[in-house]
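Before any comments, here is the structure.
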Amino acid sequence: MTMKRKIIMDCDPGVDDAVALAFAAAHQEAFELLAITTVSGNQSIEKVTRNALNLVDFYKLDIPVARGMAEPITRVPVYAERTHGETGLGHCVLPVSSRCAEEEHAVMYLRNILSALPGNEKITLVATGPLTNLAMLLKLFPEVKGKIREIVFMGGAACGGNITPCAEFNSYTDPEAAKIVFHSGVPLVMCGLDATMKCTLTRRQVAKLCQSGDKVAKACGDMAGFSLENTSSKYRGEISIHDVVPYMYLIHPEIFTVKPAILDVDCSEGISRGATLCDFRWWKHEEGELDSFVLMDADKSKFQEYLITALYELGEALYGKKEGLDQ
Ligand code: RIB
Ligand code: CA
């Protein structure tokens, strides 16, 4: 029997973070979800933490939520209200959880959970927001690096951008944090736009989710529909569900093309702020240096099939099968 992968989700829910949590919750045969840590990104730390608490209840997960950094390390917050809405979850209204966030700050929570790991046990940190929490953890408590199996994160791009022509939102929001993580020596998998721009749901797929009687599928469809119709993605007719990709990679690596690369990031104030640089010249680096990888491509139809199946399966398992308009 293969051991479950211990995971902590660092996120800024956020529409696609919320769908990613559903996908992770649908794969508890593979993931031992230990905790969620929140970070300012798509919305304020208050809103993303409230969303995380409500999502944990909605997906019937019994895991702690620890509130993290309220701002990037040096920059002012850049919220993504057009994509994620005033609440951070579009127009989707979830029941309000009675849970509270942990007393400890997320960075301390991460340090304590990592430090307490017995023996050779390690945790995979999956980050789907700006890397502020993880950067602070690695700078303040470098001794925990040996307890991190790898950091699999949604961010950056070998080519292109979304918030600017050459920068992706998470790396743009906190480039200094990204630089700290990139130079930390912790094994990395960058799930950047090169792959996530192919990891989409079409307008038709979103509409069917919205019309379904499945509570999880409908909620995720409503959230994705908000991002689809309120951004220029409406002209694409599909919306990238960026944050599902790290989890999809851990479950179905075979649908991705992966290349080793040394990562860096532009911390200037100029037009290339937050641009991630991928050095694919493996022959110029020592063997041990090459412990960072970039997803360069993805199988769109497989991504869509696995994601949609997972959403319906989770909803049916949690709330039963109900008739909807899509029957
Ligand atoms: O660029 C996409 C990323 O920025 C996703 O993580 C999305 O949630 C936003 O945080
Ligand atoms: Ca996110």
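Accessible area ranking (1.4 Å probe, heavy atoms, ligands and nucleic acids excluded), largest first, for Thr257, Thr128: Thr257, Thr128. The calculated Kirkwood hydrodynamic radius for the chain is 19.5 Å, given to one decimal from all distinct C-alpha pairs.
Where only DSSP H runs of four or more residues are counted, the chain gives -10500 deg cm²/dmol as its mean residue ellipticity at 222 nm, each run worth -39500 (n - 2.57). Fully extending the segment from Arg236 to Lys302 would add 21.8 nm, taking 0.36 nm per residue of separation and subtracting the current Cα-Cα distance. Between amide H atoms placed 1.01 Å from N, distances below 5 Å from Val294 occur with Met190, Lys259, Ala261, all of them 5 or more places distant or on a separate chain.
The residues Glu238, Glu121, sorted by heavy-atom accessible surface at 1.4 Å with ligands and nucleic acids left out, run Glu121, Glu238 from largest to smallest.
Once you reduce region 179-232 and region 29-60 to the center of their Cα atoms, the two points are 15 Å from each other.
For Glu103 and Glu313, a Förster radius of 22 Å and the Cβ-Cβ distance give a FRET efficiency of 0.05, rounded to the nearest 0.05. Helix 15-25 axis versus longest C-alpha principal axis of the chain: approximately 90°, rounded to the nearest ten. The trypsin sites (Lys or Arg not before Pro) of region 263-301 meeting both criteria, a DSSP state outside H, G, I, E and B (loop) and at most 16 other C-beta atoms within 10 angstrom of the site's C-beta, are Arg281. The trypsin sites (Lys or Arg not before Pro) found in region 1-81 that occupy coil by DSSP, while having at most 15 further C-beta atoms within 10 Å, are Lys4, Lys60.
Peptide packing: for 170-176, 81-87, 20-26, the average count of neighbouring Cβ atoms within 10 Å per residue gives the ranking 170-176, 20-26, 81-87, highest mean first.
Per atom type, the chain shows carbon and sulfur on 55% of its accessible surface, probed at 1.4 Å.
Stretching the chain fully between Leu34 and Arg204 yields a gain of 57.7 nm (0.36 nm per residue, less the alpha carbon separation). Using a Gaussian network for the chain with springs between C-alpha atoms less than 10 Å apart, which of these wobbles most: His183, His91, His27? Ranking His183, His91, His27 by mean-square fluctuation puts His183 first.
Comparing Ala207, Ala106, Ala127 in a Gaussian network model of the chain where C-alpha atoms under 10 Å apart are linked, the largest mean-square fluctuation is found at Ala207.
Compared with the dominant principal axis of the Cα atoms in the chain, helix 106-115 is inclined by about 70°. Heavy atoms of the protein chains alone define the surface here; on that basis region 40-177 has 41 Å² accessible area per residue at 1.4 Å probe size.
The values are calculated or read from the model by the stated rules, or taken from the named source; none is laboratory data. Computed from a prediction, not measured in an experiment: that's the story for all the values here. Virtual Cβ from ideal backbone geometry, glycine too; neighbours counted across all protein chains shown. The accessibility values were calculated without ligands, DNA or RNA, using every heavy atom of the protein model including side chains. Shrake-Rupley method; radii C 1.70, N 1.55, O 1.52, S 1.80 Å.
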